[in-house]
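Here's the structure, in structure tokens; my notes come after.
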Amino acid sequence: MSSAPHWIEPHPHGIFVRPANAWIDPSRPVARALVTHGHADHARGGHEAVWATPETLAIINLRYGRYPGENAVDYGTTLDLNGVKVSFHPAGHVLGSAQIRMEYQGETVVVTGDFKRRPDPSCAPFEVVPCDIFITEATFGLPVFRHPPTSDEIGKLLGMRAAHPDRCVLVGAYALGKAQRVITELRELCYHEPIYLHGALEKMCALYADHGVDMGPLLPVAGTDKDDLRGAIILAPPSALADRWSRRLPDPITAMASGWMRVRARAQQRGVELPLIISDHADWDELTTTIREVAPKEVWITHGREEALLRWCELHQVKARALAMVGREEEEEEA
């Protein structure tokens, strides 16, 4: 039996906060939206008024243009929306990503959006926020998904480059979050050479740089001589790995950065020579550890592998339910 508060209503198109007359991450245009982060399955154009972190608003502006009513909310700042106390807390997913905490009539609810617990030099780290009801993703909600250390995966990338100095390594990386994560993780391991970018990644990387993320020297592939790309690391959207654009590169070693690279068949389907298991979502251990640390009375699961996490909650005497949300399908490129 659910102990759901009367003021929070899950719908297929988002989570409705009744007294605030606002939606969290709605999949269709609404009058008032609270947005966790800038990925397309959580943010969209068309809303009348939006509350989000300054970084998320900047990302949305870049992708969709400005909203009529924009309200930038810094991490930890508390708002009062018709009696609902609302605050945003780091989710560790991408730049500006936030969990949304709400308190009303003595009950607290936290919506994670997408989150991860691994250190990431390109965004603020996840913050544990205790609550009564914890609304979480479960993209990698199966025990088989235990992500390896990120430094090991970056080490594989650097090792492949060193072993093939006459080729280049072409890494498929989602334009928001994953590309900047790969770049900053490379810099953490003291790779200081220029990193080359497909044109589709340039504006988002520039936005990150504008918000203080140091990514070192970045150069466009366009206009660079083919021979100058030998021994280079090149980042491109996953969709560009097999298209005509990649044919001008010097014998590229195709890599892809995604948590789904744990599944060998997915790497084979994409023709990936070097799968890099680098995820911007929590793995199984991070999901279950987070639930323990948050210590909620109830867990709601918005999308992903709900069955295993529901069973885990049952075994650990935590009430849980799965929500049927549209537009939260698997995003291999973003995961």
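The values are calculated or read from the model by the stated rules, or taken from the named source; none is laboratory data. As the structure is a computational prediction, the values presented were derived from the model and not from experiment. In this analysis, Cβ positions are derived from the backbone assuming ideal geometry, glycine residues included, and neighbour counts consider all displayed protein chains. Remember, those area values only see protein heavy atoms, side chains included, never the ligands or the DNA or RNA. Shrake-Rupley method; radii C 1.70, N 1.55, O 1.52, S 1.80 Å.
Got at least one residue in the range 308-331 being in contact with a helix residue (DSSP H, G or I) (Cβ under 7 Å, 6 or more places away or on another chain), under 25 Å from MET204 (Cα atoms), among the acidic types (Asp, Glu) and touching a residue at least 12 places away in the same chain (Cβ under 8 Å)?
No - not one qualifying residue is present in the range 308-331.
Tell me which residues, restricted to the range 175-201, are open to solvent by 40 Å² or more (accessible area, probe 1.4 Å), under 22 Å from the mean Cα position of the chain (by Cα) and in contact (Cβ under 8 Å) with a residue 40 or more places away in the chain.
If the condition is that a residue be open to solvent by 40 Å² or more (accessible area, probe 1.4 Å), under 22 Å from the mean Cα position of the chain (by Cα) and in contact (Cβ under 8 Å) with a residue 40 or more places away in the chain, then GLU188, ALA200 are the ones that fit.
Tally time: how many residues in the range 261-288 are assigned to a loop (DSSP other than H, G, I, E, B), farther than 24 Å from SER27 by Cα and touching a residue at least 24 places away in the same chain (Cβ under 8 Å)?
6
Quick one: how many residues across the range 202-215 are open to solvent by less than 60 Å² (accessible area, probe 1.4 Å) and part of a helix (DSSP H, G or I)?
6
Which residue out of ASP80, ASP41 is in contact (Cβ under 8 Å) with a residue 40 or more places away in the chain and not aromatic (Phe, Trp, Tyr)?
ASP41
Answer yes or no: is there a residue in the range 146-163 that is open to solvent by 60 Å² or more (accessible area, probe 1.4 Å) and closer than 30 Å to TRP300 by Cβ.
So far as the range 146-163 goes, yes, one or more of its residues are open to solvent by 60 Å² or more (accessible area, probe 1.4 Å) and closer than 30 Å to TRP300 by Cβ.
Go through ASP80, ASP41, ASP25 for me and flag whichever is at pLDDT 95 or above, over 18 Å from GLY212 (Cβ atoms), acidic (Asp, Glu) and open to solvent by less than 50 Å² (accessible area, probe 1.4 Å).
Testing whether each residue is at pLDDT 95 or above, over 18 Å from GLY212 (Cβ atoms), acidic (Asp, Glu) and open to solvent by less than 50 Å² (accessible area, probe 1.4 Å) leaves just ASP25.
Can you go through ALA138, ALA98, ALA91, ALA124 and tell me which one is touching a strand residue (DSSP E or B) at 6+ places or on another chain (Cβ under 6 Å) and surrounded by fewer than 20 Cβ atoms within 10 Å (Cβ to Cβ)?
Just one listed residue meets the conditions, ALA124.
Name the residue, out of ILE291, ILE253, ILE233, that is open to solvent by less than 10 Å² (accessible area, probe 1.4 Å), within 15 Å of PHE140 (Cβ to Cβ) and either without any contact (Cβ under 8 Å) to a residue 40 or more places away in the chain or among the β-branched types (Val, Ile, Thr) (or both).
Just one listed residue meets the conditions, ILE291.
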